[in-house]
Structure formats: C-alpha cells, structure tokens
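**Q** Can you keep this structure in mind? I'll have questions shortly.
Each value in this text was obtained by applying a stated rule to the coordinates, not by laboratory testing. All of these numbers come straight from a predicted model, not from anything done at the bench. Backbone-built Cβ (ideal geometry, glycine too); neighbour counts: all protein chains shown.
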Amino acid sequence: MTLTYECQRFYKAAVSETQPRKMQEAMTKAEHAIQQRLADCQVKEFKGKILKSGGKFVLEESSNGGNYGTYLLDDQATAKKYEGQRVVVTGTLDAPHNTIHVRKIEAVA
C-alpha cells in the first residue's frame with residue numbers, strides 16, 4: 001500500500017501526537033508506582049491513646065521522638081474498637097491534613 005504525500009504527512013503528525021501522550025500516560029503510571037513505594041517506605045508507628053474528638057476518633061500521641069500531637073485516624077471503624085485504650089498505630093502520616101492513614105492498630109499491654 002502506497003500512501004500519498006498528504007497521507008504520509010498526516011500519519012507522521014498523528015504518530016508524533018500520540019507517542020508523547022502514550023509516554024505521558026506511562027510516566028504517570030510510573031510516577032504513581034514510585035509514590036506508592038515511597039509511601040511504603042514512610043510507614044511509621046505512632047504510640048498513644050485513641051480518643052473521640054469532635055465526633056471523630058483520633059490518636060493522642062504520647063511520644064514520637066519527643067514530638068507529641070493529635071492525629072485524625074482515617075480508619076474510624078477500627079479505631080472505634082480501641083477507644084480509650086493505649087495503642088500502637090502503624091501507618092503513614094498525611095501531615096498537611098494531620099491524618100494517619102492506618103495500616104493496623106494494636107493494643108499496648
């Protein structure tokens with residue numbers, strides 16, 4: 001099959017437009033994978049007591065290398081089971097939202 005000169009120009013233009021888009025989609029997927037791995041690397045343990053504040057369950061942290069804070073827990077159903085108890089929450093901190101993305105909660109003996 002022989003393409004006319006105009007068809008060849010159109011084909012080259014179409015390919016040149018779609019390749020960057022495909023590359024951008026691939027980069028977006030790769031960036032997401034990198035961000036997920038970084039988030040996995042930043043999993044930490046937070047120790048404290050689960051309390052209810054403003055109708056939501058929070059962790060009142062007792063120590064984090066000398067730092068103290070109160071953090072909203074994104075897994076309210078699990079947090080409810082430990083209300084009033086001293087716990088270790090494993091998760092990642094979303095500092096801008098002062099929220100811990102909970103991976104697990106364990107009671108402290």
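**Q** Do any GluC sites (Glu not before Pro) in the stretch 48-109 lie in a loop, going by DSSP, with at most 16 other beta-carbon atoms within 10 Å of their beta carbon, and if so which?
**A** GLU83
**Q** Could you name the lysines in cross-link range of LYS80, using Cα to Cα under 24 Å and dropping any fewer than eight places away on the same chain?
**A** Within reach: LYS44, LYS47, LYS49, LYS52, LYS56, LYS104.
**Q** What shape does the stretch 44-107 have by the C-alpha gyration tensor, where a ≥ b ≥ c are the square roots of the eigenvalues, rounded means a/c under 1.5, and otherwise prolate means a/b greater than b/c and oblate the rest?
**A** Numbers: a/c = 1.31, a/b = 1.18, b/c = 1.11.
In terms of gyration-tensor shape, rounded.
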